[in-house]
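Q: Below: one structure in structure tokens.
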Amino acid sequence: MAKIQIGGFVPEFKSVTQEGAEFTLESLKGSPTVLYFYPKDNTSGCTLEAKSLRDGKEELLRRGYKIVGVSPDSVKSHQGFCQKHELNFTLLADTDHSLAEAMGVWQLKKMYGREYMGIVRTTFLLDAEARVEHIIEKVDTKDSFGQIIKLLDK
């Protein structure tokens, strides 16, 4: 499936947060959202990205944004990831990768000559109606927050 483009809307979906609560498209609506997709909990790049967003959360909140991270990891994995790194935002357990597929970020990847399906790290900035305003495809994991702020300040 093709990646959602700027101006497109997040499709209907149903997922579960790290607390086990249901999370749907309606949960995204009402305020702008940083919706970021990452490959795996507790890996170096994903941890750097999550910490950058954690540390910038107050500024994003001040600008009206909430943060929602998505990976194919389980609720239990997300709970440990949040606890270990004091993450203060919502993570969705997209274990069937249906949301990643719908957003077009579940793609064929290659590493060390091996091909496999996985999440291509991508950040979507959404408006209050879950419409895509910006897409960051080359995420700077160490400064994901800074990348977002630069886009918002343009």
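Values quoted throughout were computed directly from the atomic coordinates according to the rules given, and no laboratory measurement underlies them. Computed from a predicted structure; not experimentally measured. When we count neighbours, we look across all protein chains shown, and the Cβ atoms used for this are built from the backbone with ideal geometry, even at glycine.
Q: Given the options Val132, Val139, Val68, name the one that is more than 16 Å from Thr17 (Cβ to Cβ), out of contact with any Lys or Arg (no Cβ under 7 Å at 6 or more places or on another chain) and not acidic (Asp, Glu).
A: After applying the criteria, what remains is Val132.
Q: Which number in (1) under 18 Å from Gly69 (Cβ atoms); (2) of a type in the set (Ser, Thr, Tyr); (3) assigned to a strand (DSSP E or B) marks the one condition that Ser144 misses?
A: Condition (3) is where Ser144 drops out.
Q: Can you name the residue in segment 53-84 that is hydrophobic (A, V, I, L, M, F, W, C), over 17 Å from Ala130 (Cβ atoms) and more than 13 Å from the chain's Cα centre (by Cα) and, of all such residues, is surrounded by the fewest Cβ atoms within 10 Å (Cβ to Cβ)?
A: It comes out as Leu61.
Q: Take segment 82-102 and flag every residue that is of a type in the set (A, V, I, L, M, F, W, C) and touching a strand residue (DSSP E or B) at 6+ places or on another chain (Cβ under 7 Å). Give the derivation first.
A: Of the residues in segment 82-102, the ones of a type in the set (A, V, I, L, M, F, W, C) are 82, 87, 89, 91-93, 99-100, 102.
Result: Cys82, Phe89, Leu91, Leu92, Ala93, Leu99, Ala100.
Q: Yes or no: segment 107-123 includes at least one residue that is aliphatic (A, V, I, L, M), under 20 Å from Phe23 (Cα atoms) and out of contact with any Pro (no Cβ under 8 Å at 6 or more places or on another chain).
A: So far as segment 107-123 goes, no, none of its residues is aliphatic (A, V, I, L, M), under 20 Å from Phe23 (Cα atoms) and out of contact with any Pro (no Cβ under 8 Å at 6 or more places or on another chain).
Q: While we're on this one: Could you grab me the full set of residues in segment 24-52 that are over 18 Å from Val132 (Cβ atoms), of a type in the set (A, V, I, L, M, F, W, C) and in contact with a strand residue (DSSP E or B) (Cβ under 9 Å, 6 or more places away or on another chain)?
A: The answer is Cys46, Ala50.
Q: Considering (1) touching a Ser or Thr at 6+ places or on another chain (Cβ under 9 Å); (2) farther than 22 Å from Leu25 by Cα; (3) not in a loop (DSSP other than H, G, I, E, B), say which one Val139 fails and leave the rest.
A: In the conditions (1) touching a Ser or Thr at 6+ places or on another chain (Cβ under 9 Å); (2) farther than 22 Å from Leu25 by Cα; (3) not in a loop (DSSP other than H, G, I, E, B), Val139 misses (3) alone.
Q: Given (1) touching a helix residue (DSSP H, G or I) at 6+ places or on another chain (Cβ under 8 Å); (2) exposed (fewer than 14 other Cβ atoms within 10 Å of the Cβ), identify the lone condition not met by Ile148.
A: So Ile148 meets the others, but not (2).
Q: Filter segment 97-133 down to the residues that are part of a loop (DSSP other than H, G, I, E, B) and free of Cβ contacts under 8 Å to residues at least 24 places away in the same chain and list them by number.
A: Tyr112, Gly113, listed by residue number.
Q: Residues of segment 27-73 being among the acidic types (Asp, Glu) and out of contact with any Ser or Thr (no Cβ under 9 Å at 6 or more places or on another chain), which ones?
A: Applying the first criterion (among the acidic types (Asp, Glu)) to segment 27-73 yields 41, 49, 55, 58-59, 73.
Once the filter is applied, which keeps residues that are among the acidic types (Asp, Glu) and out of contact with any Ser or Thr (no Cβ under 9 Å at 6 or more places or on another chain), segment 27-73 yields Asp55, Glu58, Glu59.
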